[in-house]
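Data block below; observations after.
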Amino acid sequence: MFNEMVSYHSILIYLTIVLLGISILIPFMTKEREKIVKRMRIYMFFIHSFITMVAFSGLVAFIFAKMDFDLSIFTMIVVYISITMAESVKYIKMLKASEISEMRAINIKYTLLSILQIVALIGWKLKEHKDAVPIS
């Protein structure tokens with residue numbers, strides 16, 4: 001049962017990375033600022049939903065397995081808060097940006113920061129647990 005919960009958690013993490021990757025494309029799909037802002041508003045709903053689902057699935061696994069609160073769990077919480085804040089700051093800065101090229105640069109910078117945090121955390125967890133549940 002625990003392995004199944006960890007698998008769901010892993011799947012949600014990978015889907016979040018895919019959604020972040022898709023977000024890089026949003027400013028490149030059109031040259032109209034209003035359309036970019038509208039699409040980013042829709043994207044923000046989905047990314048915050050996915051980030052929250054990842055956090056909730058991790059919390060359920062944490063409670064179900066009766067795990068100890070350690071550095072690993074603390075780091076996951078910090079990364080969750082950091083990504084949530086980065087995505088919010090990204091949206092606010094994109095709203096304030098006057099040029100589309102500036103919007104694109106802001107989007108790429110903050111999205112790559114979020115992806116890097118997730119990938120680093122995955123790498124750390126895989127190194128920590130050699131027998132991590134693979135997705136097949």
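Residues that are buried (at least 18 other Cβ atoms within 10 Å of the Cβ) and closer than 26 Å to residue 75 by Cα within the stretch 92-114 comprise 106, 107, 110, 111, 114, listed in sequence order.
Evaluated against (1) assigned to a helix (DSSP H, G or I); (2) within 30 Å of residue 3 (Cα to Cα); (3) among the aliphatic types (A, V, I, L, M), residue 108 falls short on exactly one condition, (2). Considering 72, 88, 101, 82, the condition of being among the small types (Gly, Ala, Ser), over 21 Å from residue 22 (Cα atoms) and either out of contact with any Leu (no Cβ under 7 Å at 6 or more places or on another chain) or without any contact (Cβ under 8 Å) to a residue 12 or more places away in the chain (or both) is satisfied by 72 alone.
Results for (1) within 19 Å of the chain's Cα centre (by Cα); (2) within 19 Å of residue 52 (Cα to Cα), shown as yes or no for each residue.
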| site | (1), (2) |
| --- | --- |
| 79 | yes, yes |
| 83 | yes, yes |
| 94 | yes, no |
| 103 | no, no |
| 106 | yes, no |
| 117 | yes, yes |
| 122 | yes, yes |
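Where a number appears in this text, it was derived from the coordinates with a stated rule and is not lab data. This one's a predicted model, so the numbers in the text were calculated from it and none came from an experiment. Glycine also receives a Cβ, built like all others from the backbone with ideal geometry; neighbour counts cover every protein chain displayed.
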